[in-house]
Amino acid sequence: MAGHDTGAARARVVFIGPMGAGKTTIGKRVAKSLAAAFVDSDAEFVAGHGPIAAYFDAHGEAAFRREERLVVESAVRRDVVLALGGGAVLDPRTRADLAEVPVVLLTTTAEAVRDRLGSGSRPLVRGGVADWTRLHEQRRPLYEALADVVFDTSRRPITAIAAEIADWVRARPARDPRTHDATAAGGSAADPAADSGRPSGRLP
């Protein structure tokens, strides 16, 4: 474990999922509803290191992941609503941290994010939807293993999704690490096949 560890993870809720799924937009709304601070790990990285694309080009992905881990390691130990970059779950230490806190997976479709991928600010998807799809499929098993509940953001209003997630967080009892429940919001653990956009209900 990295020397920067300062104790157990204690974030109010953590959002994971592919880029473009709405983690920041929905996370901010959930934080406001819960009267909690909101932290976006990508924004924290940019504040300390500058644009992610430029950092990638200058230092490479491995260096970015090392610095990203330090950002996440600090943020997840604060009483905040936290949104993680799409690849943050690649670090096993981050996955261990997420076992201690409520985790919401936001999913979406390639069609829904198509128009968001052309700015060049996301270095791993400069190839557009094809790159996004490849990364999503590679990371999907990690997302699903970590998630306590899943929301599909591709076809429903973000206000409704945010309200349901806030209710889900409020309804959760204290839990032991990695204990999934099936109480609020229809259940826990990942089930991306829920096309309705409602929280999934598959028990592990």
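Laboratory data are not the source of any read-out in this text; all were calculated from the coordinates shown. Note that the coordinates shown come from a computational prediction; the quantities given were computed from them, not determined experimentally. Glycine also receives a Cβ, built like all others from the backbone with ideal geometry; neighbour counts cover every protein chain displayed.
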Take peptides 42-49, 9-16 and line them up by average Cβ neighbours within 10 Å, highest first, as a rough protection proxy. 9-16, 42-49
What Kirkwood radius, in Å to one decimal, follows from the Cα pairs of the stretch 13-186? 16.4 Å
Per-peptide average of other Cβ atoms within 10 Å, ordering 148-155, 34-41, 85-92 highest first: 148-155, 85-92, 34-41
Would you order Glu111, Glu67, Glu144 from fewest to most other beta-carbon atoms within 10 Å of each residue's own beta-carbon? Glu111, Glu67, Glu144
Taking 45 Å as R0, compute the FRET efficiency from the Cβ-Cβ separation of Asp57 and Asp167 and round it to 0.05. 0.60
Cα-projected label distance for Ala47 with Arg155, points at 7 Å along beta-carbon direction, nm: 3.8 nm
Take Arg93 and Thr24, extend 7 Å from each Cα along the Cα→Cβ direction, and tell me the distance between the two endpoints in nm. 2.5 nm
